[in-house]
Amino acid sequence: MNGEKGYNKKDIGSIHLIIFSYLCTFKCKGTNMTNEQLKQEILRLKKENNAVILGHYYQRHEIQELSDYVGDSLSLAQEAQRTEADIIVFCGVHFMAETAKILNPGRKVLLPDMEASCSLAESCKGEDFAAFKVQHPDHMVISYINCSAEIKALSDLICTSGNAEKLVRSLPEEQKIIFAPDKNLGGYINQVTSRQMLLWNGVCTVHDAMQAEAILKIKAEHPDAPVIAHPECNAALLQVADFVGSTKAMLNYIKASEAKKFIVATETGILYEMKKENPGKEFITLRDDKSCACDDCAYMKLNTLEKLYRCLRDEQPEILMSAEMIEAAKRPIVRMLDMSRQLGIIK
Ligand code: 13P
Ligand code: SF4
């Protein structure tokens, strides 16, 4: 830990984002509707406009409750590809809504709050990445889906945390690879596959702030509880985890496990689904232990019921992209989906 107890520098970054999120929520109030009325209106507008709501596991619980489909990045991308709805309301972050637009350009794609970005996407700007790529012309580029369309367009293959390991393993061993933008996920894949992919220096500020020491302290009090962690966590934390996997993989692990309690090292939104699927099981987080309040993604939490309602009512904010950008960014995403089907990761 950077500090003895309490918050370290990264926590302070998270706290700023939480305050920002709170202020934003406050500013957007004004319809004078109760949550119940908002929910009814959202359902009504959704039907009237032939819209589908796709929600990520890290969304606020009330948004997950209203979503037609809740999932991890990989399954949401698939869902976005196959939907017949006229409007896709993406309750997640910007790169996810952008991916939905790329996969289904004929549909209107809405994101309740355009500010819902991601620290990984922010860490990797097109111009810098293009320059990095030029320095390594013999490398193939694999980008984690948590990046902008511009970075996707510069990539040969996209991956998610749900398929990264298998996709990398399927490539010839001598293939040189640049992996961007998450150095933690890339480092983890390097470790389990014994590869030496060249890593871009980006992190998810939420997962990277979680500390192995804090997890070990909780583990000492609950020795029977397996530690489950998202691969965006830092290497030291992943070393002490009993299971490492994407949001969906963590849910599958919990369901199949005989254990009665789990120490969870990922964003808190997922607790909604974990508790829903496993009513008899207990979940302990860093927050419960008061080790840190770093496990909320302020970007994900920018979407609120109020903004979801306004978004359906006004049919904006809308994701708009040039046809050229859609075409260029689509290629590596479709390649990911095709390879994932061939490898039996998805249907
Ligand atoms: P997955 O849902 O693919 O595990 O991704 C987690 C994440 O951090 C998305 O922002
Ligand atoms: Fe990005 Fe991390 Fe938030 Fe996911 S949890 S959207 S990776 S900042």
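Taking each of Lys183/Lys219; Lys176/Lys275; Lys281/Lys330; Lys133/Lys307; Lys101/Lys248 in turn, the alpha-carbon distance tops 31 angstrom for Lys176/Lys275; Lys281/Lys330; Lys133/Lys307.
In plain terms, if you count all Cα to Cα distances in the chain and split them into 20 Å steps from zero, the share in each step is 30, 60, 10, 0 percent.
Placing unit charges on each Cβ (+1 for Lys and Arg, -1 for Asp and Glu) gives the chain a dipole about its Cα centre, and among Gly202, Gln59, Cys292 the Cα reaching farthest toward its positive end belongs to Gln59.
How large is the charge dipole for segment 220-347, taken about the Cα centre, if only the Cβ atoms of Lys, Arg (+1) and Asp, Glu (-1) carry charge, to the nearest 20 debye? Can you show the working numbers first?
Values: 18 positive and 20 negative charges, 77 e Å.
Here the size comes out at about 360 debye.
What ranking, highest mean first, results for peptides 243-252, 36-45, 119-128 when packing means the other Cβ atoms within 10 Å averaged over each residue?
Working: 243-252: 20.4, 36-45: 15.4, 119-128: 18.4.
The most tightly packed comes first, giving 243-252, 119-128, 36-45.
Counting only Cβ charges, +1 for Lys and Arg and -1 for Asp and Glu, the dipole size of segment 52-192 around its Cα centre is about 220 debye. Each Lys and Arg adds +1 at its Cβ and each Asp and Glu adds -1 at its Cβ; summed about the Cα centre, segment 159-269 shows a dipole of about 180 debye. Straight distance only, please: which aspartates and glutamates reach the Cα of Lys166 with their own Cα at less than 15 Å, same-chain residues fewer than 8 apart left out? The reachable aspartates and glutamates, counting only those whose Cα sits under 15 Å from Lys166, are Asp338.
Could you please rank Leu216, Leu154, Leu271, placing first whichever residue has the fewest other Cβ atoms within 10 Å of its Cβ?
By the 10 Å Cβ count, ascending, the order reads Leu216, Leu271, Leu154.
Looking at the chain alone, DSSP beta bridges between its own residues are antiparallel in about 5 percent of cases. The distance between label points at Asp242 and Asn35 comes to 3.2 nm (points 7 Å beyond Cα on the Cα→Cβ vector). Could you give the C-alpha radius of gyration of segment 93-247 expressed as a fraction of 2.2 N^0.38 Å, taking N as the number of residues it contains? After normalising by residue count via 2.2 N^0.38 Å, the value is 1.12.
Once the Cβ-Cβ distance between Glu318 and Arg44 is put in as r, and R0 is 22 Å, what FRET efficiency do you end up with, to the nearest 0.05?
Working: r = 20 Å, r/R0 = 0.93.
Once rounded, the FRET efficiency stands at 0.60.
Counting every other Cβ atom within 10 Å of each residue's Cβ, Thr193, Thr34 order from fewest to most as Thr34, Thr193.
With an 8 Å Cα cut-off and a minimum separation of 6 or more residues, compute the relative contact order for the chain in percent.
Numbers: 648 pairs, mean separation 79.8, N = 347.
23 percent.
Counting 0.36 nm for each residue step from Gln135 to Ser194 and taking away their Cα separation leaves a gain of 18.9 nm. In whole angstrom, how far apart do the alpha carbon centroids of segment 173-204 and segment 217-284 sit? Using only Cα atoms to place each centre, the spacing works out to 24 Å. What the phi angles of segment 94-110 give under the Karplus curve with 6.51, -1.76 and 1.60, with θ = phi - 60°, is a coupling list of 4, 5, 6, 5, 4, 4, 4, 5, 4, 7, 9, x, x, 9, 7, 10, 10 Hz, glycine and proline written as x. With contributions of -39500 (n - 2.57) from each DSSP H run of at least four residues, the per-residue ellipticity at 222 nm computed over the chain stands at -13500 deg cm²/dmol. Annotation for segment 237-273: GluC sites (Glu not before Pro) lying in DSSP loop with at most 15 further Cβ atoms inside 10 Å of their Cβ are Glu258.
3J(HN,Hα) couplings calculated from phi for segment 236-247 with the Karplus curve 6.51 cos²θ - 1.76 cosθ + 1.60 (θ = phi - 60°) are, in sequence order, 4, 5, 4, 5, 9, 7, 7, 9, 10, x, 5, 4 Hz; Gly and Pro show x. For segment 162-218, the convex hull drawn through the C-alpha positions has a volume of 97 cubic angstrom per residue. Across segment 115-130, coupling constants 3J(HN,Hα) worked out from phi with the 6.51/-1.76/1.60 Karplus curve, θ = phi - 60°, read 7, 6, 9, 7, 4, 5, 4, 5, 6, 10, 9, x, 4, 5, 5, 4 Hz, and Gly and Pro carry x.
Any read-out appearing in this document is the output of simple, stated calculations on the displayed coordinates, not a laboratory observation. What you see is a predicted model, and the numbers here were worked out from it, not measured in a lab. Cβ: placed from backbone, ideal geometry, glycine included. Neighbour counts: every protein chain shown.
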